[in-house]
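Notes follow the structure.
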Amino acid sequence: QVQLVESGGGLVQAGGSLRLSCVASGIIFSFNAMGWYRQAPGKQRELVASINRRGSSNYADSVKGRFTISRDNAKNAVYLQMNSLKPEDTAVYYCNLFPTAYPTWGQGTQVTVSS
């Protein structure tokens, strides 16, 4: 059974930074591409960034140049460094497999950016 545990969210002022972490279990982590997703109130969940097995990454246009995704296969972990945060980045952030997400999501971590 796949388990995904996100952490690192919080309340930050606009322009600030946060680093999110996600630890996965129940999968051969190094074989899987991973993604960070977010869901803002009243909106659909969207993909923010993805990273493949080799470490190549892609980003949504809205976060390009501000967010950096990385992974540590030895720790079964994927990270999201978020800089220059904006109020529109406020959402619950989740990690999951990419491109096909595992159907059971973790609890997510809340990121709130105040203006």
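Observations on the structure shown:
- Filter result for Arg38 (of a type in the set (D, E, K, R), touching a helix residue (DSSP H, G or I) at 6+ places or on another chain (Cβ under 9 Å) and either under 16 Å from Glu88 (Cβ atoms) or touching a residue at least 24 places away in the same chain (Cβ under 8 Å) (or both)): yes
- Per the listing Ala40, Ala74, the residue uniquely more than 17 Å from Val113 (Cβ to Cβ), among the hydrophobic types (A, V, I, L, M, F, W, C) and at pLDDT 95 or above is Ala74.
- Test: Gly108 is in contact (Cβ under 8 Å) with a residue 60 or more places away in the chain, on the phi > 0 side of the Ramachandran plot and of a type outside the set (A, V, I, L, M): yes
- Of the criteria (1) of a type outside the set (D, E, K, R); (2) surrounded by fewer than 19 Cβ atoms within 10 Å (Cβ to Cβ); (3) at pLDDT 95 or above, which one Gly35 fails: (2)
- Of the residues making up the stretch 69-115, those that are among the charged types (D, E, K, R) and under 18 Å from Ile27 (Cα atoms) are Arg71, Asp72, Lys75.
- Residue, nearest to Thr104 (Cα to Cα), within the stretch 8-25, restricted to residues that are surrounded by fewer than 15 Cβ atoms within 10 Å (Cβ to Cβ) and polar (S, T, N, Q): Ser25
- Lone qualifier among Arg66, Arg71, Arg54 - being surrounded by 14 or more Cβ atoms within 10 Å (Cβ to Cβ) and closer than 14 Å to Ala33 by Cβ: Arg71
- Condition broken by Met34, with the remaining ones in (1) within 16 Å of the chain's Cα centre (by Cα); (2) in a strand (DSSP E or B); (3) more than 21 Å from Thr100 (Cα to Cα) satisfied: (3)
- Residue in the stretch 90-99 that is farther than 17 Å from Ser17 by Cα and free of Cβ contacts under 8 Å to residues at least 40 places away in the same chain present: no
- Scanning the stretch 80-107 for residues that are touching a Lys or Arg at 6+ places or on another chain (Cβ under 6 Å) and surrounded by 16 or more Cβ atoms within 10 Å (Cβ to Cβ) yields Ala91, Tyr93.
- Flag for Val5 being in contact with a strand residue (DSSP E or B) (Cβ under 6 Å, 6 or more places away or on another chain), buried (at least 16 other Cβ atoms within 10 Å of the Cβ) and under 17 Å from Tyr93 (Cα atoms): no
The values are calculated or read from the model by the stated rules, or taken from the named source; none is laboratory data. Every value quoted in this text rests on a predicted model; they were computed, and no experiment measured them. Neighbour counts run over all protein chains shown; Cβ positions are idealised from the backbone, glycine included.
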